[in-house]
Amino acid sequence: MTDRGGPFVVADIGGTTLRIGHVTAGDPVVRGVRRVATEGLARYPDAPVAELQQRVLGQLATELAAYLVRSEAAGSRAVGLSFAGPTTVDGVALAAPTIWGEGGGSVALNAHLGARLGLPVLTVNDITAAAWRYARAEDDAFCLFTVSSGVGSKVFRRGEVLVDDAGFGGELGHWRVDWSGTAPPCDCGGRGHLGGIASGRGILRAVRVAARQRPGEFAGSALAASSAGRPEGITNEAVAGAVRRGDSFAVDVLRAALRPLALAVASVFSSIGIRRYIFIGGFAVAVGQPFVDILGDELTELGCFGLTPPQVRAMLMLGAADDDHSLIGVGRMLAAAGADPRLAAEAAHAYVDRW
Ligand SMILES: [Zn+2]
């Protein structure tokens, strides 16, 4: 085999947007990113799931084929696809509630797209792909949390994301942390899940509830001014801005919402001793350093057996402020597959067999 450093065409598909770009091994950025609206549930909310699956598959094949003939993609040896849902080692999508809604059969993305494009395709879960961006040394172990509209989590160790081959694991966002009758809903349909509480959406809901229940404190908050005193007028951007400026009402609500996230970190630490936690996702990044500071307060309060408070705080860090984690990560997976077939077999699963 000759040079396997790329370029690789990489794509990331979520509920609203499909992004396609290209990466070269050793280059820390993704280039030439093209964005189109996903041909899924968000665009066709009344379409049946089977039709949406066909639309999305057709769109992926068409857009990737069009990208592959661009001059900067010339010589691409493989395509990496980061997918917003659980996938198997063979690149079969098991579910994609945000892309095509609940239900529907599984979709063999690697097989379908590989046949259409005439190139090997590596499909991986988007959080798994994102974790690859942050892999440092061979022995490095860390846990990546995505805090955006929901919460995702993955543990990464020795070039491998620790999930079951059938796609189980990495779902602390759907861990139930609130058993009360008033537990907020999660986007999966459950109640009281971490992802419905410690997420951008969950925190916004909690801020609005607190504004109604504690009108005096709300009136004294910067959030009252930005929303003209209407709780339903509060936005995630305003909450993030208020927290950054130390607004005590916003900080209090965020602190309560992050307590179960601290519990999740403590449980991962207590069970397998991971000591690096990286937080990415729109809401965490919008809040910035105060997000990990407040989470650090709660985690210190909770305690991590055997660690001092400074050691506890040192475990938490923010990821990069861009939104390219999954694109860069899936590119690194492809590059690693070329550089080290053993690593590829473990981490990119069956991909190496398809070279
Ligand atoms: Zn859930």
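The values are calculated or read from the model by the stated rules, or taken from the named source; none is laboratory data. What you see is a predicted model; the values in this text were computed from it and never measured. A quick note on method: Cβ atoms are made from the backbone with ideal geometry, for glycine too, and the neighbour counts reach across all protein chains shown. Keep in mind that these areas ignore ligands, DNA and RNA; they rest on the heavy atoms of the full protein, side chains included. Shrake-Rupley method; radii C 1.70, N 1.55, O 1.52, S 1.80 Å.
Using only DSSP helix segments of four residues or longer, with each worth -39500 (n - 2.57), what per-residue ellipticity at 222 nm results for the chain after dividing by its residue count and rounding to 500?
-12500 deg cm²/dmol
Order these peptides, 9-20, 94-105, 180-191, by their mean beta-carbon neighbour count within 10 angstrom, highest first. Don't skip to the answer; put the middle values down first.
Numbers: 9-20: 23.3, 94-105: 18.8, 180-191: 14.0.
Highest to lowest by the protection proxy: 9-20, 94-105, 180-191.
When the alpha-carbon atoms of region 141-318 are used, the pair Rg, Dmax equals 16.3, 52 angstrom.
Looking at region 138-246, which GluC sites (Glu not before Pro) are DSSP coil and have at most 10 other C-beta atoms within 10 Å of their C-beta? Provide the component values of the computation, followed by the final result.
Values: sites: GLU138, GLU160, GLU171, GLU217, GLU232, GLU237; in loops: GLU138, GLU171.
Passing both the DSSP loop test and the Cβ count: GLU138.
Here the dipole of the chain is about 420 debye; that uses its Cα centre as origin and unit charges on the Cβ of Lys and Arg (positive) and Asp and Glu (negative).
Give, in whole angstrom and from largest to smallest, the semi-axes √(5λ) of the equivalent ellipsoid of the chain, with λ running over the eigenvalues of the Cα gyration tensor. Don't skip to the end; give the middle numbers.
Details: eigenvalues 258, 112, 65 Å².
So the equivalent ellipsoid measures 36, 24, 18 Å along its semi-axes.
Sum up the charges of everything whose Cβ sits under 15 Å from the Cβ of ARG55, counting Lys and Arg as +1 and Asp and Glu as -1, but leave ARG55 out. Can you show the working numbers first?
Values: positive: ARG43, ARG116; negative: GLU39, ASP46, GLU51, GLU63.
In short, -2.
Counting heavy atoms of the protein chains only and a 1.4 Å probe, report the per residue accessible area for the chain as a whole number of Å². Before the final figure, lay out the partial values.
Numbers: 15080 Å² over 355 residues.
Result: 42 Å² of accessible area for each residue.
Between beta-carbons, use under 14 Å as the cut-off and find the net charge around ASP324, counting Lys and Arg +1, Asp and Glu -1. Overall, the nearby charge balance is +1. Once the dipole of region 141-318 is set up with Lys and Arg at +1 and Asp and Glu at -1 on Cβ about the Cα centre, which of PHE156, ALA210, GLY189 lies farthest towards its positive end? Looking along the dipole axis, the top candidate is ALA210. Only protein atoms count toward the accessible area here, which uses a 1.4 Å probe; on the chain, the carbon and sulfur part of that area reaches 54 percent.
Normalised radius of gyration for region 94-226, please: alpha carbon Rg relative to 2.2 N^0.38 Å, two decimal places.
On the way: Rg = 19.3 Å, N = 133, 2.2 N^0.38 = 14.1 Å.
Rounded to two decimals, the normalised Rg is 1.36.
Restricting the trypsin sites (Lys or Arg not before Pro) of region 80-146 to loop positions (DSSP other than H, G, I, E, B) with no more than 14 neighbouring Cβ atoms within 10 Å leaves ARG136.
Tally Lys and Arg at +1 and Asp and Glu at -1 over the other residues with C-beta under 10 Å from the C-beta of MET315: what net charge comes out? Provide the component values of the computation, followed by the final result.
Details: positive: ARG275, ARG276, ARG313; negative: none.
Within the 10 Å Cβ shell, the charges total +3.
What chymotrypsin sites (Phe, Trp or Tyr not before Pro) does region 280-325 have in DSSP loop regions with at most 12 other beta carbons within 10 Å? When the chymotrypsin sites (Phe, Trp or Tyr not before Pro) of region 280-325 are filtered for loop state and at most 12 Cβ neighbours within 10 Å, PHE305 remain.
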